[in-house]
Amino acid sequence: MEEKNLYPTICPYCSLGCGFFLEVKEGKVAGLSYMPGHPVNEGSLCPKGNASTEILTHPDRLLHPLQKTETSWKEIGWEEAMSLAATKMGSALKEYGPDALAFLGSAKCSNEENYLFQKIARLLGTNNVDNCARLCHASTLTGLGKSLGAGAMTNPLSDLENSDCIFVVGSNFAENHPVISRWILRAKERGAFVIVADPRRTPSTWLSDLFLRLRPGTDVALLNGMMHVIVSEGLQDREFIRKRTLGFERLEKILSEYAPEAASAITGVPAGDIIKAAREYAKANAAAILYSMGITQHISGTDNVIACSDLALICGQVRKKGAGIFPLRGQNNVQGACDMGALSEYFPGYGKVGDKEAAARLKKIWAAEKLSEKPGLTTAKMSEAAHAGKLKALYLLGEDPVNSHPDSLNVRKALEKLDFLVVQDIFMTDTAEYADLILPAAAWAEKEGSFTSTERRVQWVSRAIAPPGEAKADLEILQGFAEKLGLGLEYRDAGEVLAEISRAAPMYGGITKERLLQAYGVSWPCPESGHPGTPIMHTERFNTPDGLARLIPVEYRLPAESPEPAYPFLLTTGRTGLHYNGGSMSRRSSFLLEKEPELFVEINPSDAQTMKIEEGNNIILETRRGSTQAKARLTERVSRGVFFMPFHFSGTNMLTGDALDREAGIPEFKVSACRVRRV
Ligand code: SF4
């Protein structure tokens, strides 16, 4: 009898990059075992991590390339599938030009796969390439990019243990990134003060010493209010501001409008609590700000992130142990997909599209004659272009926009307008129903490659088992497609792609497969071989050209929608601990589905009483975009007038709107005016 083999791997769900071992027996997954030495999770896994192997053996896995027929789907071979994809994309290119094509990469796919994907798009002459970071943390890239010169987490997650004050804003980490609770609890045991600002009372607020229940979309007013207190009480770090930042005078000027009483009138948070939060944060030896999609998914997402950064900078709460800014990303490779340039405005390593020097570097590495200088379409703009008849062919890598993009009825109509849609995924999805061609892909444990976690830790995943049926690794599929288009792109394996990445993206300069195989990965920036990696960024200088951080004044703005007589309530959406993104993976886990089987909506009991809604009633929520049915959950978690719905089930994003942050292009998922009625 063959023994079990253990393969080190990382969790395919959220961005923390928790490690564990896959147990493989006779070529099949036999279970998982924990990895106590892993520096992020120390052996623990949340329910999603524990359930992750279920997707590998699920009977719904796509096994063959499928071509749409008049009435159904027919199985075709890989040769035919690759020819079809290349012919259709190639003819759209020839007839309408490169910008009639678009490519949507995947934060579930590896760095190498995203790198190759965007390279194909750019070699075909378009920057119409994006990934789902546009929907969750594009405002981190723009906000921290403008402020610090790098849109990334400043310190490792485990460093939260060293914080004396942890300010959590717009993140229900205890449910959605639960493994980091360990670091926060350890800080609390040392006496750290924890502040949580959120419109909802969540398990994360149970860990707080001070809960600031703010109105949805008022984060800038809260942050400016805290900074007003800090500056008016002289608690700012004057020396740090003088030596390491620019722009304090302009910031100080606008803060005068955000006295605690004024901030309280906007946010609904008592002025005394704003003052207390400000003093605790500013006086701490080391204070951390931890945020997530509660602040990024707004039309003011970039401003919200900048305000967090301003707060940290005026207090000198960066560049040292226990202090820093911790954006908690969504999917397991959001950071990596962005680093790889699967973004319409950035090349690999964040060279700006349109920047001649960045383009020249890349052209040399790729031996390309020409690269488009025009920034491409973001995900939202791809929909608009399809509606306008300008976008003709779309290649989707492991994403399900019908469930994960806002205003999903509109997304469906956009997909119908395309001449050709290719979907490459591990499961059939609501989006794949619209495809002309479906390509069956390998899941994470069935292929090799690197993934970059939210703390910039680049880790290698080795192939543990073979993909089912005729499914192939995404890298192999993309190479086959590129070959049919005459682009070449021959690489022996993912390691060889990573070697090219290390030349194209300077912060990966010293990262190789061999190095990543050694132990628990490397944190970028790692500019050359022998460099140890950089767990804490900005210790000596920021990533701006002059090394100084920018203090940028931002003003509170109303969300795109406010309650009005026809839609008198506010709907906010978010994650639960048991599901993930659009649910294409987590809703296929019997373990997770049994515990959280269907779409629900949280309603304050007082609102429910007024509308005669009882626990468990089926109710219909309506916004200007559409309506959907959900089970009522009566709870004080939400305030009066505010409803909460998770976005892991079909239906939620029929309600959300597509108003965008003007810099980051991120939609305002977090605020929609709505009404409700009983079924
Ligand atoms: Fe996976 Fe995230 Fe859970 Fe860790 S916290 S086990 S990475 S889903």
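Rule-based calculations on the coordinates, nothing more; no lab input. Just so we're clear, the structure is a prediction, and the values are computed from it rather than from any experiment. Counting neighbours? That spans all protein chains shown, and the Cβs are built from the backbone with ideal geometry, glycine included.
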Legend entry - Whole-Hz couplings from phi, Karplus 6.51/-1.76/1.60, listed for the range 236-251; x for Gly and Pro: 5, 8, 4, 5, 4, 4, 5, 7, 10, 9, 10, x, 4, 4, 5, 5
Legend entry - Dipole of the range 342-434, positive direction: furthest Cα of 415, 402, 388, with charges on the beta-carbon: 388
Inset, instruction - Provide the net charge surrounding residue 536, with neighbours chosen by a C-beta distance below 15 Å and charges set as Lys +1, Arg +1, Asp -1, Glu -1. - result: +3
Inset, instruction - Counting other beta carbons within 10 Å of each Cβ, put 109, 674, 46 in order, fewest first. - result: 46, 674, 109
Legend entry - Estimated dipole of the range 139-219 in Debye, rounded to 20 [Cβ of Lys and Arg +1, of Asp and Glu -1, Cα centre]: 200
Inset, instruction - With everything on Cα atoms, drop me the angle between helix 111-123 and the longest principal axis of the chain, reported from 0 to 90° to the nearest 10. - result: 70
Inset, instruction - Count the DSSP beta bridges whose two residues both fall in the chain, then state the antiparallel fraction as a percent rounded to the nearest 5. - result: 50
Legend entry - Relative contact order %, the range 569-678, counting alpha carbon pairs below 8 Å whose residues are six or more apart: 38
Legend entry - the range 358-409: proportion of alpha-carbon pairs further apart than 13 angstrom, %: 70
Legend entry - Semi-axes of the equivalent ellipsoid for the chain, Cα gyration tensor, largest first, Å: 37, 29, 25
Inset, instruction - Place a label point 7 angstrom from the Cα of residue 614 along the Cα-to-Cβ direction, then list the residues of the range 622-638 whose backbone nitrogen is under 19 Å away. - result: 630-636
Legend entry - the range 138-327, relative contact order in percent, only Cα pairs under 8 angstrom and at least six apart counted: 34
Inset, instruction - Can you check what the net charge comes to around residue 305, using other residues whose Cβ is under 11 Å from the Cβ of residue 305 (Lys, Arg +1; Asp, Glu -1)? - result: -4
Legend entry - Helix 271-283 axis, angle to the chain major axis (alpha carbon atoms, nearest 10°): 70
Legend entry - Hits among aspartates and glutamates - C-alpha to C-alpha of residue 4 under 14 Å, sequence gap 8 or more where chains match: 23, 26
Inset, instruction - Compute the label zone of residue 514 within the range 440-461: residues whose backbone N is under 17 Å from the point 7 Å along Cα-to-Cβ. - result: 460
Inset, instruction - Determine the equivalent ellipsoid of the range 1-160 by diagonalising the alpha-carbon gyration tensor, then write out the semi-axes as square roots of 5 times the eigenvalues, largest first, rounded to whole Å. - result: 35, 28, 12
Legend entry - Angle in degrees between helix 301-314 and the longest Cα principal axis of the chain, rounded to the nearest 10: 50
Inset, instruction - List every residue whose amide H lies under 5 Å from the amide H of residue 635, counting only residues 5 or more places away in sequence or on a different chain, with H placed 1.01 Å from N in the peptide plane. - result: 603, 604
Inset, instruction - For a footprinting-style exposure proxy, rank 447, 417 by other Cβ within 10 Å, fewest first. - result: 417, 447
Legend entry - When the range 289-362 is reduced to its Cα atoms, the Kirkwood hydrodynamic radius in Å: 14.3
Inset, instruction - Give me the Kirkwood hydrodynamic radius of the range 569-678, using the inverse of the mean 1/r over all pairs of distinct Cα atoms, in Å to one decimal. - result: 14.4
Legend entry - Ordering of 432-443, 545-556 by burial proxy (mean other Cβ atoms within 10 Å per residue, highest first): 432-443, 545-556
Inset, instruction - Return the lysines within reach of residue 88: Cα separation strictly under 18 angstrom, same-chain partners fewer than 8 residues apart disregarded; answer none if there are no such residues. - result: 68, 74, 390, 392, 417, 484
Inset, instruction - Using Cα positions and a limit of under 13 Å, work out the aspartates and glutamates in reach of residue 631, with same-chain residues fewer than 8 apart set aside. - result: 596, 598, 602, 614, 615
Inset, instruction - Treat the range 5-57 as a sphere of radius equal to its Kirkwood radius over Cα pairs and apply Stokes-Einstein at 20 °C in a medium of 1.002 mPa s; give the translational diffusion coefficient in µm²/s, rounded to a whole number. - result: 193
Inset, instruction - On each of the three principal axes of the Cα atoms of the range 155-283, give max minus min coordinate, whole Å, ordered largest first. - result: 40, 34, 21
Legend entry - Fewest-first sequence of 637, 492, 122 by Cβ atoms within 10 Å of each Cβ: 492, 637, 122
Inset, instruction - Per DSSP H run of n ≥ 4, the term is -39500 (n - 2.57); total these for the chain, divide by its residue number, and report the mean residue ellipticity at 222 nm rounded to 500 deg cm²/dmol. - result: -9000 deg cm²/dmol
Legend entry - Overall dimensions of the range 374-477 as given by Cα atoms, namely Rg and Dmax in Å: 15.7, 45
